[in-house]
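The values are calculated or read from the model by the stated rules, or taken from the named source; none is laboratory data. Just so it is clear, the model here is predicted, and its values are computed rather than measured. Positions of Cβ are generated from backbone atoms using ideal geometry, with glycine treated the same way; all protein chains shown enter the neighbour counts.
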Amino acid sequence: MDFKDLWESVPYPAFVLNIKNEIKLANPLSQQYCENSLYRLIGQNLTNYIGPNSSVFEVLEKISSNSSAIVKFDVPVNWKNKGNQVFDMYAVSVEMGCSNLILFHPKRLKGKMEQAYLNQSSIRSVSAMGSVLSHEIKNPLASIIGATQLLENSNVKNKKTLTQIILEEAKRIESIVDRVQLLGEINTFDFNALNIHDVIDKVKRSALQGYGSHVTFEESYDPSIPNVHGDFELLTQAFHNIIKNSCEAVGKKGGRVIIKTSFYSGLALGSYGEKNKKLQLMIAISDNGPGVSKNIVTDIFDPFSTTKIGGSGLGLPLVAKIISEHGGFVELDEISEGACFKIYLPAFNISANERSR
């Protein structure tokens, strides 16, 4: 492969800088943004083209200090003669730490496409919400109405049974409403330092007493991983939803669920105006079931997206919501057998926690 052709075909601005932020290489599109030829750009400081106070240089400084790749979203860049524009920025140390590679992905077209996709997803979600909630709530309501009508007859002998039906079905409706409500705002003020292994162990013990009694659990834990900053019950709910899905997916005989924790380095997430969060914990939960249906694999974290008979489609969206509120993200990893969900979380930061209180 001719890497020169590859470099020149990158459809957005890309630079290679030395540790002083002087330009060593610039692709054709970056030359357009800087309104200069490569010959004139080489040796020039990037500050001459985007200003010395750009948040871009904060990212470059972090890379120089820890050599990790950083993805930063919604970064404003004030190009000379082109004005302020917003980019997603990818930066990584190259050439044994002697240079930095930065890529600026424009947000304009990408943002419009994402918004269109989100609008379509929202329409599908609202439509699905109406269908699911109608189905989920009508059934217990029918039982409540029927039992109530029978109770109106003073000669009914099994009043205790009927009142029990009403109570159980009312609790069922309450549970549905609670699950929908959890997709709303989550209070992060009560987050504390906790060991993620304690969360996983609690969920696993509960599973073995119920829905996972037929499953063989295999654990591979890294005892050296740091604590996370979070809510024990919320994280328990998130891991419960994933592990329950895995347990229900595997067969009654030979079913396995593998839980692995490990220290993860080299990945950081951040948005403009927010401090970068290094995602230092990775928890992988995999199984030997049939895997995720291709029909929903791209929408698996959307509300009400499910192929499970009797499923509400709220379990995985709730997982994504909870993990996001904890500063991380969850993904479905493609494997040859079964399904594998990977959760990435930032480590507990004492100084950050003290500042938030």
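A few notes on this one:
- Annotation note: of ILE258, ILE285, the sole residue that is in contact with a helix residue (DSSP H, G or I) (Cβ under 6 Å, 6 or more places away or on another chain) and either part of a helix (DSSP H, G or I) or at pLDDT 65 or above (or both) is ILE285.
- Residues within the range 207-216 that are surrounded by fewer than 16 Cβ atoms within 10 Å (Cβ to Cβ) and not in a loop (DSSP other than H, G, I, E, B), tallied: 2
- Flag not set for GLY338, criterion: surrounded by fewer than 20 Cβ atoms within 10 Å (Cβ to Cβ), modelled with pLDDT under 80 and in a loop (DSSP other than H, G, I, E, B).
- Listed by first and then second residue, the pairs with beta-carbon distance under 7 Å, at least 6 apart or on different chains, first residue in the range 242-261 and farther than 15 Å from GLU337 by Cβ and without any contact (Cβ under 8 Å) to a residue 60 or more places away in the chain, second part of a helix (DSSP H, G or I) and of a type in the set (Gly, Ala, Ser), are ILE243/ALA207; CYS247/ALA207.
- From the options PRO303, PRO226, residue that is surrounded by 19 or more Cβ atoms within 10 Å (Cβ to Cβ) and at pLDDT below 90: PRO303
- Within the range 4-44, the residues that satisfy the criterion of being surrounded by 14 or more Cβ atoms within 10 Å (Cβ to Cβ), closer than 17 Å to LYS80 by Cβ and not hydrophobic (A, V, I, L, M, F, W, C) are PRO13, ASN21, GLU22, SER30, GLN31, TYR33, ASN36, GLN44.
- Selection status of SER206, touching a Lys or Arg at 6+ places or on another chain (Cβ under 8 Å), modelled with pLDDT under 90, small (Gly, Ala, Ser) and more than 15 Å from ILE343 (Cα to Cα): no
Matching residues to (1) assigned to a helix (DSSP H, G or I); (2) over 34 Å from the mean Cα position of the chain (by Cα); (3) not assigned by TED's automatic domain parsing to the domain that holds TYR264:
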{"site": "VAL10", "(1), (2), (3)": "no, no, yes"}
{"site": "LYS20", "(1), (2), (3)": "no, yes, yes"}
{"site": "ASN48", "(1), (2), (3)": "yes, yes, yes"}
{"site": "PHE57", "(1), (2), (3)": "yes, no, yes"}
{"site": "ILE63", "(1), (2), (3)": "yes, no, yes"}
{"site": "VAL77", "(1), (2), (3)": "no, no, yes"}
{"site": "GLN85", "(1), (2), (3)": "no, no, yes"}
{"site": "MET89", "(1), (2), (3)": "no, no, yes"}
